[in-house]
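Here's the structure, in structure tokens; my notes come after.
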Amino acid sequence: MLSPRRLSRMIVTTIARELGVREDQIRAVLDLLAEGNTVPFIARYRKEATGGLDDAQLRTIEERATYLRELEERKQAVLDAIDEQGKLTDDLRALILACETKARLEDLYLPFKKRRRTKADIAREAGLEPLTDALIDDPAASPQALAARFVTEGVGDEAAALEGARHILIDRFALDADLVGEVREQMFRTGEMTASVVPGKENEGAKFKDYFEFSEPFTKLPSHRILALLRGESEGVLQLHLDPGDDAVYEGMIADRFDLPVGESRWLADAVRFGWRTKLAVSSGLDVRMRLKEKAEEGALDVFATNLRDVLLAAPAGQRATLGLDPGFRNGVKCAVVDPTGKVLATSIVYPHQPQNRWDAARQELAGLCATHGVDLLAVGNGTASRETEKLAGEIADLIKDAGGKRPTPVVVSESGASVYSASEIAAAEFPDMDVSLRGAVSIARRLQDPLAELVKIDPKAIGVGQYQHDVNQHALARTLDGVVESAVNAVGVDLNTASVPLLERVAGVTGTLAKNIVAHRDDNGAFRNRRALLKVPRLGPKAFEQCAGFLRISGGSDPLDASAVHPEAYPVVARIAAATGLGVEELIGNTRVLSGLRPADFADDTFGIPTVTDIIAELDKPGRDPRPEFRTATFREGVEKVSDLTPGMILEGTVTNVAAFGAFVDVGVHQDGLVHVSAMSDRFVSDPHEVVRSGQVAKVKVMEVDVDRQRIGLTLRLDDEPGQPKKKPQRGGRGGGGGQRKPRPDKRPAAGGSMADALKRAGLGR
């Protein structure tokens, strides 16, 4: 087996080749990870070692290294198992050691696996293996005549003997690693998925209508369509068939592999055909299905990750007093006022809507709360009764303005996951005496102030930013989303003196225990005055300090650098820069004129190279800069509050709520999200909707189609499109890449959007 040194070399070489980067970069990353460094820390503060690899590349390296180590461990286990049987040859050992995938390794191991006694085993025990060889060696002979010699007490007649010989021959096919691998690849390359509706399920399964008569090559199936098809099958609406293509091709591959003269022997030809259809086609189909599922999950996880990153890094409204409104009809509108720091000042429940209809009372009460607490923003959740509550918020704002106060700004906020937070242990710990229903209003207010700080308290899966949350591998989903949260938090940085335990837990190097200890130390001793004071926190040692310090900010502390992303280890570099310019550190910070004239190479040394010094100078220029965009809100059109108010040709402003593989959903203020299909996003070909829009982005759209009965809205980002006119074809033509076919060939666009959930369902997505 490979020594640890050779194993490490092999892993480095393999990953470097796959990612197209230098081996020394991979080696440095693996060494840094082995030393206990976190991905965010390595990405930001060890650029010299890694050659500037980013978070995503680092996580890929980490995952691939884990896979390859597991592969080598499995190789050793397989070698040991075969050796114990006394069947390990030098050639087989070489084949096993050369395996690059777990699938290939298991193919080689298959003949040596302990298995239940098969029909082939029984036939061999009955002495029928020579008959199998005779049928191959003498194809012109009569099979019955050859079989007659093998009729014994255990083999009743010629037919039984020939059946046993066939079992042995098919077993040889199934245990040949090279053949199994080649057939599997051929099926994936040339086969296609077909789907049809289960008879009688046409109405019940209408959301899967696009797949009632469907076919598409395996290699061209996109992630969302694979998962939609599998969902349709699991719900009993669709029948799926994996069509491998021409049977003759596979039968020829089998015959060639074993040099079988099928042209001279009808018996051999029938045996090959039977072996293909009953054995290899089945096993290859299972493998193709697994590969498609893996491909689909990978695509879905990418969508999750991208959308979650956009939501977490949405523009914060900042430290402004906010009234959070969690809309509802019968149970009222739950309200909470929070101060600029997120502290809850007041709560209330008002009943402006049916059946109580206490509109005026609600308006007066909430206007009073706004006036009393100097509310600057009104955060309205986008769920049930949101437009009605948004109207209420507008009237409250006008009342305050008419009374001579500053008009607060109403903003519609996604309330996805607020109910999950409300019932969580975190919320119970924050507000032990507050009614569960009111906690959601607090969350809605806070997520307007700082989406990132609030949303880290919620399980990422509950934020609702992707497709098929329940259909993908939950462990992989959690790992992917946790990585996104970690990267987002560390990209922004965290205020050490205001951060909650859940937010601190996401900082590089800070465990749950350390986060609690930091907050406890802060509560007992007051605000941290400098980063070095972190070392006084129980159980926060030098290694944890190294990992987290650069991501924790202290405003107004004893050292101005503590408010920046400059790591404490690099403070001597800043001192050298200050000395060279003749300025103090405070005079240097924000001094663009001086900083823009500096050459990073002049301050680099063996410890801090040019990339790090470049980052330091940029950080000094704009210390603690927030990578998130400037806060902006969509303005919904007056009088447009429900789908029936929409007419084709309207140009509206809305907020992108979700981005899927086939397009983007946009909230235009009518309780139902409209769908901008990928083909209506640009005049150019768009392969990925994320190239054009992001979740949370304010966008101007034109209404193209409205179906009031089905609550579906078709939108376009091309404002020169005209409803009812032939749709423009983006350059390169449509979606590209080949699509599934129906007979007759369908328009492969998902039906224009209703609510996001409804549109997803109609496309075969969501639950």
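Computed from the coordinates by the stated procedures, all read-outs in this text should not be read as laboratory data. Quick caveat: nothing in here was measured; it's all calculated off a predicted structure. For neighbour counting, all protein chains shown are included, and Cβ atoms are generated from backbone atoms with ideal geometry for every residue, glycine included.
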Taking the Cα centre of the range 37-166 as the origin, how large is its charge dipole in debye, to the nearest 20, when only Lys and Arg (+1) and Asp and Glu (-1) carry charge on their Cβ atoms? 660 debye
In nm, what is the difference between 0.36 nm times the number of residues separating ASP433 and ASP246 and their Cα-Cα distance? 60.4 nm
Compute for the range 271-343: radius of gyration divided by Kirkwood radius, i.e. Rg/Rh, restricted to C-alpha atoms, rounded to two decimals. 1.48
What helix-only [θ] at 222 nm does the chain give? Using -39500 (n - 2.57) per DSSP H run of at least 4, over all residues, to the nearest 500, the answer is -14000 deg cm²/dmol
Express in nm, to one decimal, how much length is gained between LEU175 and ALA94 on full extension, taking 0.36 nm for each residue of separation and deducting their alpha carbon distance. 27.4 nm
Approximate spin-label separation SER644-GLU233, in nm, with each point projected 7 Å along Cα-to-Cβ: 4.3 nm
Going by C-beta contacts inside 10 Å, put ASP302, ASP667 in order with the fewest on the left. ASP302, ASP667
Tell me which aspartates and glutamates have Cα within less than 18 Å of LYS700's Cα, excluding those fewer than 8 residues away on the same chain? GLU630, GLU638, GLU641, ASP645, GLU653, ASP667, ASP673, ASP683, GLU691, ASP720, ASP721, GLU722
Principal axes of the range 322-449: Cα extent on each, largest first, Å: 42, 34, 23
Mind checking which lysines have their Cα closer than 19 Å to the Cα of LYS209? Skip sequence neighbours fewer than 8 apart in that chain. LYS201, LYS743, LYS748, LYS761
Could you tell me what fraction of 2.2 N^0.38 Å the Cα radius of gyration of the range 512-621 comes to, as a two-decimal ratio? 1.18
Report, ordered by chain and residue number, the lysines lying within cross-link reach of LYS334, taken as a straight Cα distance under 18 Å and ignoring same-chain residues fewer than 8 apart. LYS343, LYS391
For the range 237-394, what is the per residue volume of the convex hull drawn over the alpha-carbon atoms, in cubic angstrom? 188 Å³
How big is the range 119-301 by the Kirkwood estimate over distinct Cα pairs, in Å? 18.5 Å
What is the log10 of I(q)/I(0) for the range 4-112, computed with the Debye formula using one identical point scatterer on each Cα and no solvent, at q = 0.16, 0.19 Å⁻¹? -0.73, -0.90
Which pairs in the list LYS220/LYS702; LYS75/LYS543; LYS406/LYS642; LYS75/LYS113 are over 25 Å apart, alpha-carbon to alpha-carbon? LYS220/LYS702; LYS75/LYS543; LYS406/LYS642
Between LYS622 and LYS220, what length in nm is gained on full extension when 0.36 nm per residue of separation is reduced by their alpha carbon distance? 140.1 nm
P(r) of the chain over all Cα-Cα pairs, binned every 20 Å from zero, in whole percent: 13, 36, 33, 14, 4, 0
Taking Cα centroids, how far is the range 39-69 from the range 706-722 in Å? 44 Å
Once you charge only the Cβ atoms, +1 for Lys and Arg and -1 for Asp and Glu, what is the size of the charge dipole of the chain about its Cα centre, to the nearest 20 debye? 1300 debye
What is the Rg over Rh value, at two decimals, for the range 1-41, using alpha-carbon atoms and the Kirkwood definition of Rh? 1.01
Which whole number of Å³ per residue matches the convex hull of the alpha-carbon atoms in the range 567-668? 205 Å³
Set the Förster distance to 60 Å, then compute FRET efficiency between GLN319 and LYS114 from the Cβ-Cβ distance, nearest 0.05. 0.35
Expressed as a whole number of Å, what is the distance separating the alpha-carbon centroids of the range 255-320 and the range 371-425? 48 Å
Cα centroids of the range 169-208 and the range 614-679: how far apart, whole angstrom? 41 Å
